[in-house]
Amino acid sequence: MTLKRPWIALAAGAAAIVVYYLLPSREQSALYFLIGAASVAGVFVGIRRNVAPEQRLAWYLFNLGLALEVAGDFVGTIVYEIGLHREPPVPGVDDIFYLAGYPFLVVAVFMLVQRLRGIRGGAVLDSLIVFLAVALVQWVYFIDPYNHEGLTHTAERLVSQAYPAMDAFLLVAVGQLLLRYIRNISLAALIAGI
């Protein structure tokens, strides 16, 4: 019975995604938030059931980052799009939640990498090289163009630039996890979800 529960949850999630595409726009926004909230709850239950207490911190940090992303979805979709019938402002409260979630996700993934294999000096150098390559591409194609778009407010420009910068950090962290320990099915599912 215990082995069937994850498959039931996976099937329910897949069904929710199919239903999402069949709904009108407002209902899609509500279901999107519900799927995210269910993910946070599911990760929490999975941590409590499957992870030893001394190894839970990284997973709790990951789930906190995920919860902050879902809180951003709530503000952006439920409050603004459904409740106020307009797009959220940039920068807005939803951006605070979204951007606050990134550091928790990155730290959690690096903690998982360190716990699984340990971080040696060479691995840190490898990470730095990959990060610089990713950061250069991000800067040229995603961050610097905001400097030339004529955005009127500095805050708007900074928030718009923060997303690809944080994506670069997260991509490097996930890359380290991928290169270090892909044999673990839980981590493989985590990487696929990110």
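The C-beta contact set for segment 91-107 (first residue touching a residue at least 60 places away in the same chain (Cβ under 8 Å) and under 28 Å from Leu178 (Cα atoms), second residue open to solvent by 60 Å² or more (accessible area, probe 1.4 Å) and among the hydrophobic types (A, V, I, L, M, F, W, C), distance under 6 angstrom, 6+ apart or interchain) comprises Val106/Phe169. Residues of segment 68-76 include none that is in contact with a Leu (Cβ under 9 Å, 6 or more places away or on another chain), of a type in the set (Val, Ile, Thr) and closer than 26 Å to Pro6 by Cβ.
State whether the residues of segment 172-187 include one that is within 25 Å of Gly72 (Cβ to Cβ), at pLDDT 80 or above and open to solvent by less than 30 Å² (accessible area, probe 1.4 Å). No: zero hits.
Scanning segment 6-50 for residues that are over 21 Å from the mean Cα position of the chain (by Cα) and charged (D, E, K, R) yields Arg26, Glu27, Arg49. When the residues of segment 80-98 are filtered to those that are open to solvent by 30 Å² or more (accessible area, probe 1.4 Å) and under 15 Å from the mean Cα position of the chain (by Cα), the one that is farthest from Val113 (Cα to Cα) is Ile96.
The values are calculated or read from the model by the stated rules, or taken from the named source; none is laboratory data. From a predicted model like this one, the values you see are computed outputs, not experimental measurements. Ideal geometry is used to build each Cβ from the backbone, glycine not excepted, and the neighbour counts take in all protein chains shown. What goes into the accessible areas is simple: the full protein's heavy atoms, side chains included, and nothing from ligands, DNA or RNA. Shrake-Rupley method; radii C 1.70, N 1.55, O 1.52, S 1.80 Å.
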